[in-house]
Amino acid sequence: HGGGMTSFVSHTTVDCADAYKLSEWWKRLLGYVDVDGDPNLPGHEECMILDPATGHSILFIEVPDSKSTKNRIHLDLRPREGTRDEEVERVRGLGATEVGDHRGQYGPGTGWVVLADPEGNEFCILRSTGEVAARHVADQ
C-alpha cells in the first residue's frame, strides 16, 4: 500500500471512428475543454479533452474497426448541478440514446440510467452527490 512501484491513471482513452466529432460531443456532455495550446481540429486522429476543474482527461483515438460488443469499461457520471433526471433529459437532448433505465431499482429515488454516445459507447448517469446525501443511509 502507499508509495512504492505502482501506476496511476493518466487519462481515459476512447476508441472511435471520428475523434474530433466525438470529442466535441463529449465536451458538451461534460463541460470539458481542449488542452491549452493544443486545440482539437477536424481530421485529428487523436483528440484530448480535459476537465478544467479536476484535470481529468479523456483521449479520443480513431481506430479502423467499429465497436460491435458491449463495453467492458464505462464512465459513471454524476451531475455537477441539478438532478440525475434533469441531466438524463439534457444528455438525451444532445443526442444520447437510452440503453437501460435502472431508476428505482433499489427503492424510490435510487438507481441510474445507461446511455450511449453517438458511436455507441455506453455511460451511466448517476444521482448527484446531493441526491445521494439526501438518502445517505438507505442505498449507497
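The values are calculated or read from the model by the stated rules, or taken from the named source; none is laboratory data. Note that the coordinates shown come from a computational prediction; the quantities given were computed from them, not determined experimentally. All Cβ positions, glycine included, derive from the backbone under ideal geometry; neighbour counts span all protein chains shown. Accessible surface is based on the protein model in full, side chains and every heavy atom, while ligands, DNA and RNA are left aside. Shrake-Rupley method; radii C 1.70, N 1.55, O 1.52, S 1.80 Å.
With the requirement that a residue be open to solvent by 60 Å² or more (accessible area, probe 1.4 Å) and either polar (S, T, N, Q) or modelled with pLDDT of 95 or more (or both), what does segment 119-140 give you?
If the condition is that a residue be open to solvent by 60 Å² or more (accessible area, probe 1.4 Å) and either polar (S, T, N, Q) or modelled with pLDDT of 95 or more (or both), then T129, Q140 are the ones that fit.
Tally the residues that are on the phi < 0 side of the Ramachandran plot and open to solvent by 30 Å² or more (accessible area, probe 1.4 Å), restricting the search to segment 95-111.
9
Specify which of the listed residues (V9, V33) is under 26 Å from R127 (Cα atoms), modelled with pLDDT of 95 or more and of a type in the set (A, V, I, L, M, F, W, C).
V33
In this structure, is R92 on the phi < 0 side of the Ramachandran plot, at pLDDT 95 or above and charged (D, E, K, R)?
yes
Is it the case that D34 is charged (D, E, K, R) and either assigned to a loop (DSSP other than H, G, I, E, B) or closer than 23 Å to F8 by Cα (or both)?
Here the answer is yes, as D34 does meet what is asked.
May I ask you to list the residues in segment 57-73 that are surrounded by fewer than 14 Cβ atoms within 10 Å (Cβ to Cβ) and either under 12 Å from the mean Cα position of the chain (by Cα) or among the basic types (K, R) (or both)?
Hits for segment 57-73 are K70, R72, I73.
Give the residue that is surrounded by the most Cβ atoms within 10 Å (Cβ to Cβ), with candidates limited to residues of segment 77-94 that are within 14 Å of the chain's Cα centre (by Cα) and not aliphatic (A, V, I, L, M).
By that ranking, first place goes to R84.
In this structure, is V114 open to solvent by less than 40 Å² (accessible area, probe 1.4 Å), assigned to a helix (DSSP H, G or I) and of a type outside the set (G, A, S)?
The answer is no for V114.
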